[in-house]
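The values are calculated or read from the model by the stated rules, or taken from the named source; none is laboratory data. As the structure is a prediction and not an experimental result, all values here were calculated from the model. Cβ sites come from the backbone with ideal geometry, for glycine too, and all protein chains shown count toward neighbours.
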Amino acid sequence: MAEAPKPQQQVQIKADEKELLGQYSNLAVVHHNAEEFTLNFIYMFPTVPQGKLVSSLILSPRHAKRLLRALQENVSRYEAQFGTLPEGPEPGREPNVGFVQ
């Protein structure tokens, strides 16, 4: 017999102004081991070969998979509304930043 779905609990999330502003990243480095995925978000400066770590997230493998699905779903929604996103570099721009696995 199937269980009845549990009602979703409303969660209050506290955030300071700094967190609400967010961080811009143009490079992400992803590492994993058996217990966790680590996502390092970096800002690479456009005029010098230097970058700065702006955020690091450590996720369980199950949570990383849920994040992957959420990103896939949201990119699909975005493309349905605004058109297909190309995966390559912008025309006239050489890619020097992005994702590193």
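Looking at region 1-29, which of its residues are small (Gly, Ala, Ser) and within 20 Å of the chain's Cα centre (by Cα)?
Ala15, Gly22, Ser25, Ala28
Checking the condition aromatic (Phe, Trp, Tyr), at pLDDT 95 or above and closer than 27 Å to Lys18 by Cβ, which residue from Phe41, Phe82, Phe99 passes?
Phe41
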